[in-house]
1. So who's got an amide H within less than 5 Å of the one on Ala159, skipping anything under 5 residues away but keeping other chains? H placed 1.01 Å off N, in plane.
2. Using the number of other C-beta atoms within 10 angstrom as an exposure proxy, rank Thr215, Thr141, Thr130 with the fewest first.
3. So if I restrict to the alpha-carbon atoms in region 123-227, what is the Rg, and what is Dmax, the biggest pairwise distance, in Å?
4. Using only the alpha-carbon atoms, what does region 94-164 span along each of its principal axes? Please give whole angstrom values in decreasing order.
5. Against the longest principal axis of the chain, how steep is helix 30-46, in degrees 0 to 90 to the nearest 10, with axes from Cα atoms?
6. Using a Förster radius of 22 Å, what is the FRET efficiency between Glu208 and Ala186 based on their Cβ-Cβ separation? Nearest 0.05, please.
7. Thr215 versus Gln173, label points 7 Å from Cα toward the beta carbon: distance in nm?
8. When the convex hull of the Cα atoms of the chain is projected onto a plane and the area is averaged over all directions, what value comes out in nm²?
Amino acid sequence: MRVKAVARALPGLLLLAPRLLAAENARLPYREICRIEQAQAALAREHANLALVLQMHSVQTNVKYSDIQAYIDSKSGRIAVAIGANGAISVPVREDLLAEDPWIVVNQPKGTMELNWHAGLSPALARSLTNSVHYGPLMRTVRECEDVQEKMRQFFPAAPRLTMVGLKMAFRQPDAAVIIHAKAGARKLPSDALGELMIPLDEDLVAEDPLMTLTAPPVAVEIVSRKTDSGP
C-alpha cells in the first residue's frame, strides 16, 4: 500500500507566508529563486527525513496547477521552468543566468500568483510507517520543522512562527488506531469517523522513545502545527 506524505497548502502544515508575484504578467527575479532553492537544498541535506517544497499557485480558485506555465526570459531565449503537479517549482541554476538575473515570467495576470514554501515527512519515512515505529525518531523529525522554518525566514520574513504539535495520520478504515507502549502504560489513539488521528508531540515521550504499533498502515501523514503567539 502506498503511503503519501502530505505537504500541501492546507491548515496544519508547515506553510510559510506567501509572497505576491507582481509585474505586467506575474514574474519573479531568477536570482532570488535560485537563492531559495540553494537554501532549500542545504536544509534537505541536513534534514533527510523532511521533504521541502517551493510551490507556486494562483489565488484564483478556477486556475489549476496544470494551467500554470513559466519560463526564464533570458537574453539567449526562453527557458522552460518545471512546475510539478502540485505546483512545485524548480529552476536550473546556471552561472550565466545568475549573472544576468532575468525574469521568470508566468502565464498568469499580475497579482494572482503566490509563492509558498512548506515541508512534510519525506516519502521514504512515510512509507516506513507500517506495523510499528519508534516514537522518538519520528517525532524529532516533526520537531525539526521549527528549525527549518526559522532558517527560511530570510526569504519569507512575514511568515508566522509555527510550533509543531504532532503528526496526523489518515487511514482507509475508521476503526484504525495507534498504540503508544509507554512505560506508564499503553496509550491508545483511535481514529475518528473520518479515519484520522493525531499523535501529539510530547517531549517526555521523545526522551523515552517507546515503540508505537499501528493497527493498519496509514494512507497519508501530515505534520500539524499551530501559530506561535509571539508572531513574526
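Readers should treat all values here as calculations from the given coordinates under stated rules, not as data from a laboratory. The model shown is predicted, which means the values in this text are computed figures rather than measured ones. Ideal geometry is used to build each Cβ from the backbone, glycine not excepted, and the neighbour counts take in all protein chains shown.
1. Ala17
2. Values: Thr215 15, Thr141 19, Thr130 12.
Starting with the residue having the fewest Cβ neighbours, the order is Thr130, Thr215, Thr141.
3. My reading of the Cα-based Rg and Dmax gives 14.6, 45 Å.
4. Computed over region 94-164, the largest-to-smallest principal extents equal 50, 27, 25 Å.
5. 20
6. Values: r = 13 Å, r/R0 = 0.60.
For Glu208 and Ala186, the calculated efficiency is 0.95.
7. Here the modelled spin labels are 0.8 nm apart.
8. 14.1
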